[in-house]
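The values are calculated or read from the model by the stated rules, or taken from the named source; none is laboratory data. From a predicted model like this one, the values you see are computed outputs, not experimental measurements. As a convention, Cβ positions derive from the backbone with ideal geometry for all residues, glycine included, and neighbour counts pool all protein chains shown. Quick note on the areas: whole protein, heavy atoms, side chains included, nothing else; ligands and nucleic acids left out. Shrake-Rupley method; radii C 1.70, N 1.55, O 1.52, S 1.80 Å.
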Amino acid sequence: MAKKQFKAESKRLLDLMINSIYTHKEIFLREIISNASDAIDKLCYRSLTDDQVGMDRGDFFIEVKVDKDKRTITVSDNGIGMDKDELENNLGVIAASGSYQFRQEAGQSEDVDIIGQFGVGFYSAFMVADEITVVTKKYGAEQAYRWNSTGADGYTISECEKDGVGTDIVMHIKEDTEDEKYSEYLDHYRLYSLVKKYSDYIRYPIRMLTPVQKKKEGCDPEKPEYETVQEVQTVNSMVPLWQRKRSEVTDEEYAKFYAELARDFEKPQRVITVSVEGSVTYKALMFVPSKKPFNYNTEDFERGLQLYSAGVMIMDKCDALLPEYLRFVRGVVDSPDLSLNISRELLQHDRQLKVIAKNLEKKVLADLEKFMKDDREGYEKFYANYGRSIDFGIAGEGGGERKDELKDLLLFYSSTEKKLTSLREYVDRMPESQKCIYYAAGESIALIDALPQTELLKEKNFEVLYLTGEADEFVLQTLQNYADKPFRSIVDGDLELDGGEEEAVDEKEELMRFVKETLGDKIKEAKASHRLKTHPACMSAGTGFSFEMEKYFKNFDMAEPMRADRVLELNTKHPSVLAMETAMQNDRPKAELYAKLLYNQALLIAGLPLDDPSGYTDMVAELMK
């Protein structure tokens, strides 16, 4: 029997497909099973117009067999099969696809879901096999044919015998090498796991001979004995959870599916289902985990949803389906309309994908808004885990475009309510005379609450938002305002209290010049404070760049660290300041010492590092003499 050469490709092309197109050898089984599913789809489609088929959907199956002694894996189907010409056209020409041609002829019928459209998936088997034999008989034909190849050197086609229509693909697995252990694919449990991973939702039953434990016949019931027997079992689920209506699925089923998907045995906080038909058709099932993964904030955390096409997993972590700030969402998306590349492993970032991604983002945000409204306690638990991600959605790249969608999901601690509050709730409580939304940033609620700058607003009973997240200030700067009310830091700039609420103070210009001359470049200016009540001094940063931002950017390796302006505010009615003023007239060295002490105390209160801690302690000791 003369060996034929592949018509259009050389050894170099086949080597390219085997070694470059596919990044994981294990996907060979996915490709072969997908081809079998395509063949069954074609016969199912044929049965719609041909009464002679005599089979309905429940009669079809795919079978996977392993023979360790012969080192073979056989995948069989009872689909439409191939004749000699189709063997030549489909397997003799690399990158020719009968499935693609069939889909073009069948149109977009809902009853037809053709997975393999590129004609190269079959050859992925050569990644693990050194010889492939195809035995096939086409529906309606009398003669069966055998196709055999050991790789790029060509193939043979011969007549053979076969009972029933369909196709058997026999793969002879390569011998092990130092680098590759091909024998792993001859292990039943390994093949079982690959079917579950990639082909669990193929719509036809995938059968395997499976070892099971059974009681021995005739054994003593009081002392039962067990033996391992081989039984043919269906190993795939066939109908994915996301294809079922939500009303038909129980919470327990969702929890079980989530546990298997995320390897997390705590129930998810939210279950989000999506079903869209139109220019782009897809279904999605997404979950919000109830706890944050241990590696969530590390580079090791892999984000993304599982991507399926017609029930076949294409990507395990498709990070293009949701933006970075929603990285906590887990789940699956299934669409028959995506443009896949030739290996079905990578995705072309086309219009369909972008449409799906944008719609999924909107769906998640709408669900979070509902969550916040219906279950505030539950939402606050969610926010404790993932509030930082919502911050990133606003303060990170592209946040300016989505800030209006995210601003009502934010929560901050309220100085008056003593609990978390939203911006909407804050504005609804504002008196008509209040012009700004006040906030203060710091490391903790306790430290912020102790800031001298909070005294005046507490006295006036104005509500202040306490910002303890490292990105909170960036978020408010991105938002700029809420309901036309600008954000105003209580430690920087004018508080804009209406109706002369800020009491007039003696500016003591001569004393302020003295303090500035004493401290020099350490401060931008010294000024009399309108906001201090019982404290002698505080440090403010003017407008723009705050102290909390300065602390944040210290975490980065920068040639010149970013530094906020330092404005020393002094309470001109406080005894310490008055003592400094008196000393300025009578004992200038002592007055300079007072100025330096007040400067260092203001730094400490603001949570800023002292310029010279040792020098500060020496100054305190000097006063104790």
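Farthest towards the positive end of the charge dipole of the chain, among the residues ASN89, TYR282, VAL232, is the Cα of VAL232, using unit charges on the Cβ of Lys, Arg, Asp and Glu. Amide H contacts under 5 Å for ARG244: none, restricted to partners 5 or more places along the chain or on a different chain, H placed in the peptide plane at 1.01 Å from N. For the stretch 566-625, taking the reciprocal of the average inverse distance between every pair of different Cα atoms yields a Kirkwood hydrodynamic radius of 12.1 Å.
Each Lys and Arg contributes +1 and each Asp and Glu -1, all at the Cβ; summed about the Cα centre of the stretch 194-286, the dipole is approximately 420 debye.
Using the Kirkwood radius over Cα pairs, work out the Stokes-Einstein diffusion coefficient for the stretch 487-625 at 10 °C and 1.306 mPa s, in µm²/s as a whole number.
Values: Rh = 16.0 Å.
For the chosen part, D equals 99 µm²/s.
Working ranking of peptides 312-318, 370-376 by packing, defined as the average number of other Cβ atoms within 10 Å per residue, highest first, is 312-318, 370-376. The aspartates and glutamates whose alpha-carbon is closer than 15 Å to the alpha-carbon of LYS196, local same-chain residues fewer than 8 away aside, are GLU26, GLU31, GLU63, ASP187, GLU260, ASP316. The 3J(HN,Hα) values that the Karplus relation (6.51, -1.76, 1.60; θ = phi - 60°) gives for the stretch 579-589 are, in residue order, 5, 5, 5, 5, 5, 4, 7, 10, 8, 4, x Hz. Gly and Pro appear as x.
Computed from Cα positions, the angle between helix 613-623 and the longest principal axis of the chain comes to roughly 20 degrees.
Residues of the chain: accessible area per residue at 1.4 Å, in Å²?
Details: 31160 Å² over 625 residues.
The answer is 50 Å² per residue.
Magnitude of the Cβ-charge dipole of the chain, K/R +1 and D/E -1, about the Cα centre, nearest 20 debye?
Numbers: 85 positive and 115 negative charges, 57 e Å.
With Lys and Arg at +1 and Asp and Glu at -1, about 280 debye.
Per-residue surface analysis assigns GLU248 an accessible area of about 110 Å², computed on protein heavy atoms at 1.4 Å probe radius.
Please report the carbon-and-sulfur percent of the accessible area for the stretch 180-270; probe 1.4 Å, protein heavy atoms only, DNA, RNA and ligands left out.
Numbers: 2720 of 5780 Å².
Summing carbon and sulfur atoms, their accessible area is 47 percent of the total for the stretch 180-270.
Karplus-derived 3J(HN,Hα) values for the stretch 530-540, using 6.51 cos²θ - 1.76 cosθ + 1.60 with θ = phi - 60°, are 9, 10, 7, 10, 10, 8, x, 7, 8, 10, 10 Hz; glycine and proline are entered as x. Between the stretch 415-473 and the stretch 170-237, the C-alpha centres lie 62 angstrom from each other. Considering helices alone, the calculated mean residue ellipticity of the chain at 222 nm is -9500 deg cm²/dmol, with DSSP H runs of length four and up weighted by -39500 (n - 2.57) and normalised per residue.
At the residue level, SER422 shows approximately 10 square angstrom of accessible surface with a 1.4 angstrom probe and all protein chains present. Applying a threshold of 26 Å to the alpha-carbon distances of LYS65/LYS256; LYS358/LYS419; LYS3/LYS138; LYS551/LYS573; LYS25/LYS138; LYS403/LYS485 flags LYS65/LYS256; LYS358/LYS419; LYS551/LYS573; LYS25/LYS138 as lying beyond it.
In order along the stretch 126-134, phi translates into HN-Hα couplings of 5, 5, 10, 10, 9, 8, 10, 10, 10 Hz, rounded to whole numbers, per the Karplus curve 6.51 cos²θ - 1.76 cosθ + 1.60 with θ = phi - 60° and x for Gly and Pro. Proximity of backbone amide H atoms, modeled 1.01 Å from N, is registered between THR210 and GLU231, VAL232, GLN233 at under 5 Å, excluding neighbours fewer than 5 places apart on the same chain.
Here's the picture: charge each Lys and Arg Cβ at +1 and each Asp and Glu Cβ at -1 in the chain, and of ALA36, MET562, ALA259 the one pushed furthest to the positive end of that dipole is ALA36.
The largest accessible area among CYS219, CYS538 belongs to the first residue in CYS219, CYS538, and the rest follow in falling order (1.4 Å probe, all chains).
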